[in-house]
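Written below as structure tokens is the structure these notes are about.
FYI, it's all coordinate maths here, none of it is from the lab. Every value quoted in this text rests on a predicted model; they were computed, and no experiment measured them. Every residue, glycine among them, receives a Cβ derived from its backbone with ideal geometry; neighbour counts consider all protein chains shown.
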Amino acid sequence: MGLRFSNFGRAQIGSAPEGATGLQFSVEAGKGILFPSLGTGDYFYGTFKDASGNREIVRIEARNGDTFTIPVGGRGLDGTTARTWAAGDHFVAGITRLALEESLSNPNLAALGSLAASADTLPYFSGAGIAALTSLSGFARTLLDDAAAGEARATLGAAPSDLIPAGSVMAFFQATAPVGWTQVVAHHDRAMRIVNGPGGGTGGSVAFTAAFTVQAVNGVNSATTLTEAQIPAHQHTFYIGSGAGSVLPDYNPPDGNSMNALAYTNFTGGGGAHNHSFTGTAIDLSVRYVDAILASKD
């Protein structure tokens, strides 16, 4: 956008602007192409002239084929006077003082012109109308002239883009698969197991989040009646007689049947194992984790 120039922009006027105030004219058929093509905001300066040496500089802001449009205030510029022109006079798009001053007064161009150039440096803009120099080594220049990524990697000595073969599956600690990869969704909610044999297999039946949670510790065995073998070895005492006499044999004939004795049964029971119901404190297996994804190289 801005001031435009062209080479060989010269043609005879086909239809002249109306008097000294007209804002539209045309040149001979097919010669409009010799003048600048203008987009939105573009313009150029041109000069009317006749055989008598009269001249007028105007500003052109639109060109449609061979037809030109001058904006309001765009006639009689750069020290010239608006005049009446006729068919057959000439119109030239050439260098004018006004065009040169506008070009040279561009703040960005002035900023570049103020730099003291030196070897291995590159100018850059840090703001509107603000320029500076930065170092540009010989090696950097060898990288800048590379036309494709493969050439740049070769210059840098970097690994080729196909270092990881297509179809390779890797884990990534990020929300989505990186560019050039596709997320594998078949193995969600699983733990990762390291093996010393072939990898790539799967197994198990309990999901990770189901296994690693709070697990209750309790249980009830079926009712169990202890057998004699399960009872610890023991013996029982018993009395012979009334049970009110001494623990030692006592014989008193005058009193009749008054003999008493303390006796014991044989040992019985073997102390064998038996079962009990049980309860316990729940074990919290809610281990801390990070979510990763698997992705396959495209």
(message) Can you give me the distance in nm between label points at Ala171 and Ile95, each placed 7 Å from the Cα along the Cα-to-Cβ direction?
(response) 7.0
(request) Measure off 7 Å from each Cα along the Cα-to-Cβ vector at Asn196 and Ser126, then give the distance between these two points in nanometres to one decimal. (result) 6.2
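To make sure I understand, if each residue's beta carbon is the centre and we count other beta carbons within 10 Å, what order do Arg288, Arg193 fall in, fewest to most? Could you put the intermediate results ahead of the total?
Values: Arg288 5, Arg193 10.
The most exposed by this proxy come first: Arg288, Arg193.
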(message) If you consider only alpha-carbon coordinates, what radius of gyration and Dmax does the range 1-88 have, in Å?
(response) 11.9, 36
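Per-residue counts of other Cβ atoms within 10 Å, averaged by peptide: what ranking do you get for 43-50, 111-118, 66-73, highest first? Numbers along the way, then the final one.
Numbers: 43-50: 20.6, 111-118: 10.9, 66-73: 15.8.
Packing order, densest peptide first, comes out as 43-50, 66-73, 111-118.
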(request) Would you kindly give the portion of the calculated P(r) for the range 109-163 that falls above 17 Å, as a percent of all Cα pairs? (result) 53
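Relative contact order of the chain: what whole-number percent is it, with Cα pairs under 8 angstrom and at least 6 residues apart? Could the numbers behind the result be given before it?
On the way: 488 pairs, mean separation 43.4, N = 298.
Relative contact order here is 15 percent.
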(message) Can you tell me the length gained on complete extension of the stretch Ala140 to Gln235, counting 0.36 nm per residue apart and subtracting the Cα distance?
(response) 24.1 nm
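Tell me, what is the percent relative contact order of the range 24-102, built from C-alpha pairs under 8 Å that lie six or more residues apart?
On the way: 130 pairs, mean separation 25.9, N = 79.
Normalised by residue count, the contact order of the range 24-102 is 33 percent.
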(request) Provide the descending list of Cα extents for the chain along its principal axes, expressed in whole angstroms. (result) 184, 45, 37
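I need the shape label for the range 1-41. Rule: rounded when a/c is under 1.5, else prolate if a/b > b/c, else oblate, with a, b, c from the alpha carbon gyration tensor.
Working: a/c = 2.45, a/b = 1.30, b/c = 1.89.
Oblate shape, in that a/c is at least 1.5 and b/c is the bigger or equal ratio.
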